[in-house]
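Accompanying notes for the structure given below.
The values are calculated or read from the model by the stated rules, or taken from the named source; none is laboratory data. None of the values given here were measured: they were computed from a predicted structure. Cβ atoms come from the backbone with ideal geometry, glycine included; neighbour counts cover every protein chain shown. For accessibility, only protein heavy atoms count, side chains too; no ligands or nucleic acids. Shrake-Rupley method; radii C 1.70, N 1.55, O 1.52, S 1.80 Å.
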Amino acid sequence: MRRLVFASLVVLSALPFLRAEEQPAPKLKALLISGGGYHDWKKINPVMTDKLPQLASVSIEIKMGLDTLKNPKFADGYDVVLYNFCFADEKDNTLIENALRVTREGKPTVMIHCAMHTFMASDEWTDACGMRTRKHDKYRTFAIVKADKKDHPIVKSLPETWQTPGDELYQTIKLGDRSTALLRGQFDKGKSDHIVCWVSTYGKGKVFATTLGHDLKTVNMPEYHRLLANGILWECGKLGEDGKPKDGYAGTGPK
């Protein structure tokens, strides 16, 4: 009888550990700051919140406009901050410094499309983005090809070349000294060749950036979804060297 009681106690004491192993990994929490002119955020943002959680275990909360940046602790409670906004002429140093400080102190940061053309008066913001660009070529179709770092986990599972049916090819003035190019945009047999995706650092923070995503022509592409999902996972240390999400972070799967 004593042996039976002892064995039962051993099994019961192990249950919490078994249950913990069976529990899915907690979702990453992302803050997406969006808004500004020239883009249809009402169409773009729902794609982001729908498609990315299918490929990465992340929940995305959207906050529109720049009021969020008035709070120096705006990123508290989030694992990663995404900027997909367009405020080129904004010069409020308090807002800009609050955003910069969050990344500088170590918060993983994702810069998407017009984030690189936002806060143009701030060279420090440009430095945080990891590439200087001030204008784009005309809206058109172009090829997206891997840069020299083809084995980087973010792009490892992507095709060597894929084609967007339409987007803005941002002109590369200078890639940052701390940046590594991952993808290039090309048309006219390579006559126009600009970096469209890279990784960088700013202070203690890791930065993943892409200039792709002006409208739904690119934003609806599965390759684009995978690119952003991998970028988020890599930022947060949840993407393996093989380019696959680590256990528990693969998302819900395609619907």
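Below, the figures for the structure above:
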read-out	value
Restricting region 106-135 to residues that are farther than 17 Å from VAL199 by Cα and not in a helix (DSSP H, G or I), the residue that is nearest to the chain's Cα centre (by Cα)	THR118
Selection count where residues are touching a Gly at 6+ places or on another chain (Cβ under 7 Å) and not in a loop (DSSP other than H, G, I, E, B), scope region 56-83	1
GLU90 being part of a helix (DSSP H, G or I), of a type in the set (D, E, K, R) and either in contact with a Lys or Arg (Cβ under 6 Å, 6 or more places away or on another chain) or farther than 30 Å from LYS27 by Cα (or both)	no
Some residue of region 187-202 being charged (D, E, K, R), at pLDDT 95 or above and either under 15 Å from ASN84 (Cα atoms) or out of contact with any Pro (no Cβ under 7 Å at 6 or more places or on another chain) (or both)	no
Test: residue in region 180-194 that is in a strand (DSSP E or B), out of contact with any strand residue (DSSP E or B) (no Cβ under 6 Å at 6 or more places or on another chain) and surrounded by fewer than 22 Cβ atoms within 10 Å (Cβ to Cβ)	yes
Where a residue in region 222-250 is on the phi > 0 side of the Ramachandran plot and its partner, wherever it lies, is polar (S, T, N, Q) and open to solvent by 40 Å² or more (accessible area, probe 1.4 Å), with Cβ under 6 Å and at least six apart	GLY243/SER157
Tally, over region 23-55, of residues that are outside any helix (DSSP H, G or I), over 21 Å from ASP247 (Cα atoms) and open to solvent by 10 Å² or more (accessible area, probe 1.4 Å)	5
Looking only at region 56-68, and only at residues there that are farther than 28 Å from ILE154 by Cα and in contact (Cβ under 8 Å) with a residue 24 or more places away in the chain, the one that is surrounded by the most Cβ atoms within 10 Å (Cβ to Cβ)	LEU66
Given (1) part of a strand (DSSP E or B); (2) among the aliphatic types (A, V, I, L, M); (3) within 22 Å of ALA56 (Cα to Cα), number of the condition LEU158 does not satisfy	(1)
Residues located in region 153-163, provided they are out of contact with any Gly (no Cβ under 8 Å at 6 or more places or on another chain) and either open to solvent by less than 70 Å² (accessible area, probe 1.4 Å) or in contact (Cβ under 8 Å) with a residue 60 or more places away in the chain (or both)	LEU158, PRO159, TRP162
